[in-house]
1. Over region 116-176, what is the mean sequence separation of C-alpha contacts under 8 Å (at least six apart), divided by residue count, expressed as relative contact order in percent?
2. Can you tell me what percent of all Cα-Cα pairs in region 92-177 are more than 15 Å apart?
3. Starting from the Cα of A178, step 7 Å toward the Cβ, then list every residue of region 205-234 with an amide N under 12 Å from that point.
4. Return the equivalent ellipsoid semi-axes of region 40-163 as a descending list in whole Å, where each equals the square root of 5 times an eigenvalue of the C-alpha gyration tensor.
5. Express in whole angstrom the spacing between the alpha-carbon centres of region 31-46 and region 160-212.
6. With contacts defined as alpha carbon pairs under 8 Å and 6 or more residues apart, what's the relative contact order of the chain in percent?
7. First measure r as the distance between the Cβ atoms of I212 and V43, then evaluate 1/(1 + (r/R0)^6) with R0 = 41 Å and state the FRET efficiency to the nearest 0.05.
8. Less than 12 Å Cβ to Cβ from P74, Lys/Arg counted +1 and Asp/Glu -1: what total charge do the surrounding residues give?
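Nothing in this text is a laboratory measurement; each read-out follows from the coordinates by a stated rule. Bear in mind the structure is a predicted one, so any value in this text is a computation, not a measurement. Note: ideal-geometry Cβ built from the backbone for every residue, glycine included; neighbour counts use all protein chains shown.
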Amino acid sequence: MFQDKVVVITGGAGGIGKCIREEFEKTGAKVCVIDIADNPYFVGDIGDETTLRRFAEKVIGEHGRVDCLINNAPPLFKGISECTYEEFNYALRVGVSAAFLLTQLFLPYFAPGASIINISSSRDRMSQPQSESYSAAKGGISALTHALAVSLGGKVRANSISPGWIDTNYTVYEGPDAAQQPAGRVGNPLDIANMVLFLCSDKAGFITGENICIDGGQTKLMIYHNDFGWTYNP
């Protein structure tokens, strides 16, 4: 399905990004990763504009086109009490601005049928205390997705995925951690990677501008104090 397709993944050295990379590689895709952590293709900070431009030049210089762009790298997670102004802006650069710039840089080189997948989070619609930098970036990438889908209509499809609780160590949880999720379990990276590959495929050719929340149904669970065993302890 993706034999010899050129797939770009930010944050592809570990976690969900690593799983996405491995699933594409199994299909014969040519995967180009940028990550601040060690990886075989390109080590660099996507919060830096010069680094992004160097990375894009390398991809185009070697392959001449892009079939799939997966903006996955996670932004900084800090709250209003501790996050500095610079840290907040850095979170936005990693979580939103990098996706915008890479799309802009690759725009003349997207192949016919190309697809952009932005990894958001269920935190784009719900929050815990002290999560402002991460939540703002994830909300931004979700909104950027539908804007790109409209601007790039007829050329590139753009969709986003909002993962819920995904355990990147594939830990199998039991008890309340699993039971609280309507699906009955905690998610793992394959739950996200499988959707990424589907959305990038021809089978999803009529899907664009969409956000798909993969959270085991957690965001649909209505919670009230003393209702169905839930207790609020501030």
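1. Working: 62 pairs, mean separation 28.0, N = 61.
Value for region 116-176: 46 percent.
2. Details: 2300 of 3655 pairs.
So the portion of pairs separated by more than 15 Å is 63 percent.
3. Output list for this probe position: empty.
4. On the way: eigenvalues 139, 61, 20 Å².
Semi-axes from the Cα gyration tensor: 26, 18, 10 Å.
5. That distance is 24 Å.
6. On the way: 460 pairs, mean separation 43.1, N = 234.
Reported relative contact order: 18 percent.
7. On the way: r = 30 Å, r/R0 = 0.74.
The computed FRET efficiency comes out at 0.85.
8. On the way: positive: R123, K138; negative: D35.
That sum, taken over residues with Cβ under 12 Å, equals +1.
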